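Please read the structure below before turning to the comments.
The values are calculated or read from the model by the stated rules, or taken from the named source; none is laboratory data. As the structure is a computational prediction, the values presented were derived from the model and not from experiment. Every residue, glycine among them, receives a Cβ derived from its backbone with ideal geometry; neighbour counts consider all protein chains shown.
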Amino acid sequence: MLEFPRWKYALVLILGLISVLYALPNVFPKDPAVQITANRGAQVDDALRERVLGVLEKEKIDFKSVEIQAQSLLVRLPTPEVQLVAADLLRKELRDGYNVALNLASTVPDWLEAIGATPMVLGLDLQGGVHFLMEVDQKAALEKRENAIVDDIRSMLRERRIGYSEVSRANGGIVIDLRQAEDRDRVAAMIGAEIPELVVRDGDSPTRLLANVSETAMQEIADKALEQNIGTLRKRVDELGVAEPVILRQGKSRIVVQLPGVQDTAQAKKILGATATLEYRAVVGDVGAAFEAARTGRVPPDARLYYRRERGPDGSRVPVLLSKRVIASGDQLVDAQPGFDPQSGTPMVSVRLNGVGGQRMLDFTRENVGKPMAVVFIERVPETRIVDGKEVRSTKVNEEVISVATIQGVFGKNFQTTGLDSSQEASELALLLRAGSLAAPVDIVEERVIGPSLGQENIDAGVRAILLGFALVMALMVVYYKVMGVVAIFALFMNLLMLCAALSFVDATLTMPGIAGIVLTLGMAIDGNVLILERVREELRAGNTPVGSIRAGYERAWTVILDSNVTKLIAAMALFSFGSGPVRGFAVVLFFGVLTSMFTSVTVSRAVVTLIYGRRKKLARISV
């Protein structure tokens, strides 16, 4: 009589039920949707909802629902074609006040989401998504480095008490005007020793030195900016929550970014392309001097003219003069967290600087208690406009003073920045600062949106391949192994169910190579059943009883199945460790497919065989 432990029956039943629950969300298709988010000065509320409903009803656009979710308005639509039409109409209606983007809205029931059951994450080739080709502004990277060198030279001259009239960038290099001609050779030697990346030469007067960054250093700056930008973009993509993104260097100055599943291109471009950062500068002169500089255009040589975010009583912009010297910037930031000022209740960002930035802030505040310090918010956002029927890409740079406060006491690396418009702006600023500021601005030179319709064609082709493979295997097993072949087919079906549940549970990304991995898993899974059934046939031919043949077939085939699958597991782990993108997706499917096929071919199939033949006291023959 065949026996199978009851705890194994319970294990098979529990795992089967769990697999059904976690594979079930993949049955629910996503709705094409239009997502609307507010820009600065606008808000998502019931008034916006009524406005959107009015546009849809006026143009007789069919829609499923219009609902407010978190900080966005989601319009669910029946088809991708209607989605595109609705998005164009809403963009014309809402204009610059809102971001209107394509999205895919989940239809999974709330009770499934409550237990963490979510659909499989689909790759760029299946779900659609966005592809960006970004150009790193290497000229801006060089300018940024030259500005830092200018500050270093000024500090160096002040520390050594060497008089100078000006140190500035000009004509593609750095100009140093000294007060005394006899200091020129000394300063040239000093700069050459402490800043070796500069090539220093005599200027057109006895007190002038000219310096340029060497060609080797320029290349190093460009490469470093590119690599740092790749690292920063990876952090920003992590903040977006995109699974299995592709971020690669292309050539000398370009970066490829692929974000599967992302249909909100506006938010993706805002997070990836923006170079939002903060600068802390000293205030130069009083309010009257700032208004005079704004009126006449004559700005003191050691100052720059900025404008405050808030406007005056008459609606005019309020100017403020700030020092050219930056006390600390976002490059020196270690952490940033959004919150609310406990005194005023307004949104703020808690900032923590690194050692260098903290020391500079400490030195400045120690010497300037009672004096004002300004916080400059700098944002560089890519823009796309249609001019004469052609798409023109440009970049908009916003520099505005968000806060001017009197230094009440000495502080170093930990402090708060206020003056933000909303908690959402505080969260976005903290996100960008925390992810790191880009070493150089990036411009999106190419953008492709792979729509869900193209992805659906790939999914349909993959499903056809899986069904065809399953049908052929099923026909072969039933014809060749009869009832035991039907048991093997049931185990194969359970294998597919458990594999889908496992991939959904771990949020693995499924791509076309992943679908190929599923088809491959079908073949590998049936291998285990074939080994078992052929072993059972051998035992029957050797004269063993049907019960003894079944028992021996499962026990003796197990070691062979284990040995063959261990090598596959090692191959899957190697592919995952050294591969990238779709290769890693294939490796994940292969890894979980091997585990589920080992369990179903040995444990699940034996449980079913025992249910069929185990209750008979005398088993005369088996159908195999």
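Selection of region 286-320 for residues being within 18 Å of Asn398 (Cα to Cα) and not hydroxyl-bearing (Ser, Thr, Tyr) yields Ala294, Arg304, Leu305, Arg308, Arg309, Glu310, Arg311, Arg317, Val318, Pro319, Val320. Suppose the filter is modelled with pLDDT under 85 and exposed (fewer than 15 other Cβ atoms within 10 Å of the Cβ); does Glu227 pass it? Yes: the conditions hold for Glu227.
Scoring Gly123 on the criteria (1) touching a Gly at 6+ places or on another chain (Cβ under 7 Å); (2) closer than 30 Å to Ala426 by Cα leaves a single failure, condition (2). One residue stands out among those in region 94-128 that are of a type in the set (Asp, Glu) and surrounded by fewer than 16 Cβ atoms within 10 Å (Cβ to Cβ): the one that is nearest to Leu24 (Cα to Cα), which is Glu113. Which residues, taken from region 69-85, are over 13 Å from Ala105 (Cβ atoms) and surrounded by 12 or more Cβ atoms within 10 Å (Cβ to Cβ)? Gln71, Thr79, Val82, Leu84, Val85 - these are the residues of region 69-85 that are over 13 Å from Ala105 (Cβ atoms) and surrounded by 12 or more Cβ atoms within 10 Å (Cβ to Cβ). Does region 585-598 contain at least one residue that is hydroxyl-bearing (Ser, Thr, Tyr), assigned to a helix (DSSP H, G or I) and in contact (Cβ under 8 Å) with a residue 24 or more places away in the chain? Scanning region 585-598 turns up at least one residue that is hydroxyl-bearing (Ser, Thr, Tyr), assigned to a helix (DSSP H, G or I) and in contact (Cβ under 8 Å) with a residue 24 or more places away in the chain. Residue check: is Ile489 under 30 Å from Ile255 (Cα atoms) and of a type outside the set (Phe, Trp, Tyr)? So Ile489 does not fit the description; no. Would region 496-506 turn up any residue that is touching a strand residue (DSSP E or B) at 6+ places or on another chain (Cβ under 8 Å), assigned by TED's automatic domain parsing to the domain that holds Gly585, within 30 Å of Ala587 (Cβ to Cβ) and touching a residue at least 12 places away in the same chain (Cβ under 8 Å)? Among the residues of region 496-506, at least one is touching a strand residue (DSSP E or B) at 6+ places or on another chain (Cβ under 8 Å), assigned by TED's automatic domain parsing to the domain that holds Gly585, within 30 Å of Ala587 (Cβ to Cβ) and touching a residue at least 12 places away in the same chain (Cβ under 8 Å), which makes the answer yes. There is at least one residue in region 548-556 that is in contact (Cβ under 8 Å) with a residue 60 or more places away in the chain, crowded, with 18+ Cβ neighbours inside 10 Å, assigned by TED's automatic domain parsing to the domain that holds Tyr481 and hydrophobic (A, V, I, L, M, F, W, C). Checked against (1) exposed (fewer than 13 other Cβ atoms within 10 Å of the Cβ); (2) of a type in the set (Gly, Ala, Ser); (3) in a strand (DSSP E or B), Ser168 passes all but a single condition, namely (1). When Leu240, Leu259 are screened for being among the aliphatic types (A, V, I, L, M), touching a Phe, Trp or Tyr at 6+ places or on another chain (Cβ under 9 Å) and either under 16 Å from Ile444 (Cβ atoms) or at pLDDT 85 or above (or both), only Leu259 passes. Taking the numbered list (1) aliphatic (A, V, I, L, M); (2) within 30 Å of Thr509 (Cβ to Cβ); (3) part of a loop (DSSP other than H, G, I, E, B) in turn, Leu104 passes all entries but (3).
Conditions tested, residue by residue: (1) farther than 26 Å from Val478 by Cβ; (2) among the charged types (D, E, K, R).
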residue: Glu534; (1), (2): no, yes
residue: Leu540; (1), (2): no, no
residue: Trp558; (1), (2): no, no
residue: Ala572; (1), (2): yes, no
residue: Phe578; (1), (2): yes, no
residue: Pro582; (1), (2): yes, no
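All of Gly128, Gly116, Gly123, Gly173 fail the test of being more than 27 Å from the chain's Cα centre (by Cα) and either under 30 Å from Pro582 (Cα atoms) or without any contact (Cβ under 8 Å) to a residue 60 or more places away in the chain (or both), apart from Gly173. Looking across region 283-323 at every residue that is among the basic types (Lys, Arg) and touching a residue at least 24 places away in the same chain (Cβ under 8 Å), the one that is surrounded by the fewest Cβ atoms within 10 Å (Cβ to Cβ) is identified as Arg309. Within the set Ser344, Ser329, Ser316, Ser350, the sole residue that is in the same structural domain as Val404 (by TED's automatic domain parsing), more than 21 Å from Ala426 (Cβ to Cβ) and of a type in the set (Ser, Thr, Tyr) turns out to be Ser316. Within region 363-378, the set of residues being surrounded by 15 or more Cβ atoms within 10 Å (Cβ to Cβ) and closer than 11 Å to Phe411 by Cβ comprises Phe364, Thr365, Met373. Residues that are surrounded by fewer than 16 Cβ atoms within 10 Å (Cβ to Cβ) and either at positive phi or out of contact with any strand residue (DSSP E or B) (no Cβ under 9 Å at 6 or more places or on another chain) (or both) within region 129-147 comprise just one, Lys139.
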